1. On the basis of being of a type outside the set (Phe, Trp, Tyr), without any contact (Cβ under 8 Å) to a residue 40 or more places away in the chain, surrounded by 15 or more Cβ atoms within 10 Å (Cβ to Cβ) and in a loop (DSSP other than H, G, I, E, B), does Gly128 make the cut?
2. Has the stretch 36-44 got at least one residue that is of a type in the set (Gly, Ala, Ser) and in a strand (DSSP E or B)?
3. How many residues are touching a helix residue (DSSP H, G or I) at 6+ places or on another chain (Cβ under 8 Å) and β-branched (Val, Ile, Thr) if we restrict to the stretch 78-118?
4. In the stretch 77-93, is there at least one residue being modelled with pLDDT of 95 or more, within 18 Å of Trp21 (Cβ to Cβ) and surrounded by fewer than 18 Cβ atoms within 10 Å (Cβ to Cβ)?
5. Scan the stretch 94-107 residue by residue and report those that are assigned to a helix (DSSP H, G or I) and surrounded by 13 or more Cβ atoms within 10 Å (Cβ to Cβ).
6. Has the stretch 2-12 got at least one residue that is more than 21 Å from Leu117 (Cβ to Cβ), touching a Leu at 6+ places or on another chain (Cβ under 7 Å) and at pLDDT 95 or above?
7. If a residue has to be surrounded by 12 or more Cβ atoms within 10 Å (Cβ to Cβ), outside any loop (DSSP other than H, G, I, E, B), more than 14 Å from the chain's Cα centre (by Cα) and among the acidic types (Asp, Glu) to count, how many in the stretch 1-30 make the cut?
8. Quick one: which residue in Glu54, Glu147 is within 16 Å of Glu2 (Cβ to Cβ), charged (D, E, K, R) and either touching a residue at least 40 places away in the same chain (Cβ under 8 Å) or in a loop (DSSP other than H, G, I, E, B) (or both)?
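The values are calculated or read from the model by the stated rules, or taken from the named source; none is laboratory data. What you see is a predicted model; the values in this text were computed from it and never measured. Don't worry about glycine lacking a Cβ; one is built from the backbone with ideal geometry, like all the others, and counts go over all protein chains shown.
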Amino acid sequence: MEIVGFAGRHAEDFRRLNEIWILQHFELEEKDRRQLLDPVGEIIEPGGFIFVAEHEGAVAGCCAMLRMDDGGFELVKMTVAEDVRGQGVGRMLIDACLDRAKEEGATRLYLETNSKLAPALRLYRVMGFEDCEPRESEYERCDVWMERRFGPDTP
């Protein structure tokens, strides 16, 4: 398994993998459509990043980070293909995001999710994310807000 930066060849898999998990539990929302149809324009060009897990030539998972106005990043579009879940791919993707956020001098990595996604919530908590105060969200499905703060002594 290798974590790489997003390239044009990943666009279709980025869209497809995210649509699978979203539609399995929810409905696609406007923000989903924008990001999945134009990941470069919606995520990368405004200063964000997309990471892709590749395994034997196939995309096994992905996640993205949106630059936030407060100096942090928002973790978005995190998913792992069903056939490789439980193999540490999600952890590897989050590690890549944490490393890049720290390199960029971020104050925190923030995310919005849903309480129905128990495996994701467990992973986020294991990775050091803590619940934070609710805030306005573009997603109707959001009912959990989490963040991992960075400081000078943060590992």
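1. So Gly128 passes the test.
2. Looking for residues that are of a type in the set (Gly, Ala, Ser) and in a strand (DSSP E or B), one finds none in the stretch 36-44, hence no.
3. 4
4. Within the stretch 77-93, one or more residues are modelled with pLDDT of 95 or more, within 18 Å of Trp21 (Cβ to Cβ) and surrounded by fewer than 18 Cβ atoms within 10 Å (Cβ to Cβ).
5. Residues satisfying the conditions are Ile94, Asp95, Ala96, Cys97, Leu98, Arg100, Ala101, Lys102.
6. yes
7. 1
8. Just one listed residue meets the conditions, Glu54.
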